[in-house]
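Beneath this line is the structure, given in structure tokens, with notes to follow.
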Amino acid sequence: MNILDIIAKKRDKKVLSKEEIDFFIKEYTNGIVTDYQAAALVMAIFINGMNNEEITDLTLAMAHSGDVLDLSKFGENVVDKHSTGGVGDKVTLIITPIIASLGIPVAKMSGRGLGFTGGTVDKLESIPGYNTGISIDEFIKNVEEIGISVMGQTLNLAPADKKLYALRDTISAVESIPLIASSIMSKKIAAGANKIVLDVTCGKGAFMKTKEDAILLSKTMSAIGKLAKKETVCVITNMDEPLGYAVGNSLEMIEAIECLQNKMEPDVKEVILEIGAYIIKLADKGNNLEQNKKMILENIENGKAYSKFIQLIERQGGDIEYVKDLDKFEKAEYILPVISEKDGYIKSLNAERVGRISGELGAGRIRKEDKIDMAVGIVLKKKTGDYAKQGDILAYIHANNKNLGNEKVKDLLSVYEIVYEKVEKPNHIIGII
Ligand code: URA
């Protein structure tokens with residue numbers, strides 16, 4: 001078999017066989033197929049798509065490109081959670097300690113930033129010392145001993161996805177249903193949980209811009225879940241504007257910690273409660289979603305979720321003084337206000353553009369090997385439906401370069417669409433599949 005023939009076949013809109021997909025994944029994982037050949041094939045898949053059989057074959061090949069974890073010692077109902085990506089999406093940071101504090105084991109493997117969206121692993125690394133690169137044995141031991149572990153994707157779990165994920169980020173080949181579905185489901189299959197809750201984001205700051213595409217992605221992933229005998233629920237959430245108020249690595253970590261200290265903004269709360277309620281349901285710890293939401297709120301109010309977070313950070317080598325004293329997080333040198341030039345209601349705040357501005361400040365990567373700046377980003381003060389008067393502060397840009405910061409102030413101001421007529425606050429839960 002020859003990689004050039006496989007690239008040409010997909011370039012010419014033909015259907016790839018299981019053998020061809022297995023060959024590509026195997027040879028890319030072991031370095032025989034080069035990054036530029038993989039880039040060509042990935043772009044052909046991006047442009048010409050794949051049918052359901054090809055997507056399933058791709059997912060299974062990626063899932064079995066490395067080890068597949070066995071979490072059966074934690075019982076039948078280990079639940080995993082994953083997001084298709086968003087701007088300001090700090091749900092994993094908040095939900096995992098909540099769930100663990102309810103006695104449900106959490107073994108979570110997370111990713112880095114992709115495209116204009118952030119990644120949990122990058123955000124966790126804003127706490128000095130936190131080790132996202134622990135071994136699989138440590139990962140399992142942490143779940144056994146403290147009920148939770150959150151790590152990055154190790155070399156051994158779905159390594160093909162790890163390589164493809166980083167590659168796609170640098171060749172503008174992210175927003176594709178076959179590539180996203182196979183990326184997420186391969187990781188979930190390799191990570192060993194038998195129940196999966198997926199946060200499928202939808203809107204301007206998501207990879208799926210329309211409800212129809214979000215439903216299609218959800219159905220694709222649920223079908224793969226069914227085939228792999230993993231009960232899968234997709235919660236479609238609104239990502240037209242960023243979730244919460246902070247965008248950027250340490251800024252989002254600070255907001256997540258504040259949420260665990262019971263200072264949670266309504267949009268974040270709506271999403272946390274819905275996703276959390278389904279995780280509890282799938283874990284067989286409560287069939288009544290409303291009751292499950294009450295359990296979540298209780299463990300935020302009584303501090304158990306926050307204590308679990310501290311335990312997690314400490315266990316994985318992070319400096320817990322940062323969690324206890326948020327002023328310790330390194331601040332950007334310039335904190336520049338974005339000031340409203342008129343009176344009116346915020347009609348929209350395009351999350352993709354906000355994510356890109358944050359990336360351009362240094363919070364994201366352009367090339368695979370780029371280092372990110374933990375301190376920079378954006379803190380919003382006004383969001384959709386809020387009223388602003390001329391002279392009010394709409395947001396702050398956190399920059400480590402003054403000229404760049406001033407440029408991004410102008411860019412962010414132009415993202416705020418302000419109108420005279422009253423605008424309602426949006427709903428954040430769009431549907432369940
Ligand atoms: N999250 C993933 O893990 N993979 C994608 O392709 C997109 C979001």
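Just so it is clear, none of the values below were taken in a lab; they were calculated from the coordinates. Please read all numbers here as calculations on a predicted model, not as lab measurements. Every residue, glycine among them, receives a Cβ derived from its backbone with ideal geometry; neighbour counts consider all protein chains shown.
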Just how large is the dipole of the chain about the Cα centre, in debye to the nearest 20, putting +1 at every Lys and Arg Cβ and -1 at every Asp and Glu Cβ?
-> 460 debye
Extension reserve of the Glu314-Glu265 stretch, reckoned as 0.36 nm per residue once the Cα distance is removed | 15.0 nm
What does the charge add up to near Asp284, with Lys and Arg as +1, Asp and Glu as -1, over the other residues with Cβ less than 10 Å from its Cβ?
-> +2
Distance between Cα centroids, the range 39-72 to the range 239-293: provide it in whole Å.
-> 30 Å
Quick one: what are the phi-derived ³J(HN,Hα) couplings along the range 306-317, Karplus 6.51/-1.76/1.60 with θ = phi - 60°, whole Hz, x for glycine and proline?
-> 5, 4, 5, 4, 4, 4, 4, 4, 5, 4, 9, x
Could you grab the relative contact order for the range 162-288? Cα pairs under 8 Å, six or more apart, rounded to a whole percent.
-> 24 percent
Let me have the 222 nm mean residue ellipticity of the chain computed from DSSP H runs of 4+ only, each contributing -39500 (n - 2.57), with the sum over all residues rounded to the nearest 500.
-> -14000 deg cm²/dmol
Which value in Å is the Kirkwood Rh of the range 72-324 over different Cα pairs?
-> 17.9 Å
The value for the range 251-393 (convex hull of the alpha-carbon atoms, volume per residue, Å³) is 169 Å³
Taking a quarter of the surface of the Cα convex hull of the range 1-120, what do you get in nm²?
-> 9.2 nm²
What FRET efficiency, computed as 1/(1 + (r/R0)^6) with R0 = 56 Å and r the Cβ-Cβ distance, is obtained for Ile393 and Lys294, rounded to the nearest 0.05?
-> 0.95
antiparallel share of DSSP beta bridges within the range 72-324, to nearest 5, in %, is 5 percent
Calculate the tail of P(r) for the chain: the fraction of all Cα-Cα distances greater than 26 Å, expressed in %.
-> 54 percent
Compute the separation of the alpha-carbon centres of the range 349-378 and the range 320-337 and state it in Å as a whole number.
-> 18 Å
Pulled fully out, how much extra length does the chain show between Lys18 and Ala223, if you take 0.36 nm times their separation in residues and subtract their Cα-Cα distance?
-> 72.0 nm
Entries in Lys14/Lys163; Lys123/Lys229; Lys108/Lys226; Lys81/Lys389 that, when Cα-Cα distance is taken, lie over 30 Å = Lys123/Lys229; Lys81/Lys389
Could you give the longest part of the chain that holds none of the trypsin sites (Lys or Arg not before Pro) found in DSSP loops with at most 15 neighbouring Cβ atoms within 10 Å?
-> 15-228
In nm, what is the difference between 0.36 nm times the number of residues separating Asp67 and Leu326 and their Cα-Cα distance?
-> 89.5 nm
Within the set Lys211/Lys347; Lys263/Lys410; Lys209/Lys383; Lys304/Lys381, which residue pairs have Cα atoms separated by over 24 Å?
-> Lys263/Lys410; Lys304/Lys381
Sort all Cα-Cα distances of the range 1-48 into consecutive 10 angstrom bins from zero, then give the percent of pairs in each bin up to the one containing the longest distance.
-> 29, 62, 8
Report the convex hull volume per residue for the range 318-433, counting only C-alpha atoms, in Å³.
-> 166 Å³
Beta bridges per DSSP with both ends in the chain, % antiparallel, nearest 5 = 50 percent
Cα-based Rg and Dmax for the range 22-69, where Dmax is the largest Cα-Cα distance (Å) = 11.3, 33
Percent of C-alpha pairs per 10 Å bin, the range 178-223, short to long | 26, 55, 18, 1
Compute the distance in nm between two label points, each set 7 Å from the Cα along the Cα-to-Cβ direction, one at Glu76 and one at Glu144.
-> 2.4 nm
Among Ala388, Tyr420, Ala61 the positive-end extreme of the charge dipole of the chain (Cβ point charges) = Tyr420
Net charge near Ala40: determine it from the other residues with C-beta under 11 Å of the C-beta of Ala40, scoring Lys and Arg +1 and Asp and Glu -1.
-> +1
Pick out, in residue order, every one of the GluC sites (Glu not before Pro) in the range 344-384 that is DSSP loop and has at most 14 other C-beta atoms within 10 Å; say none if there are none.
-> Glu369
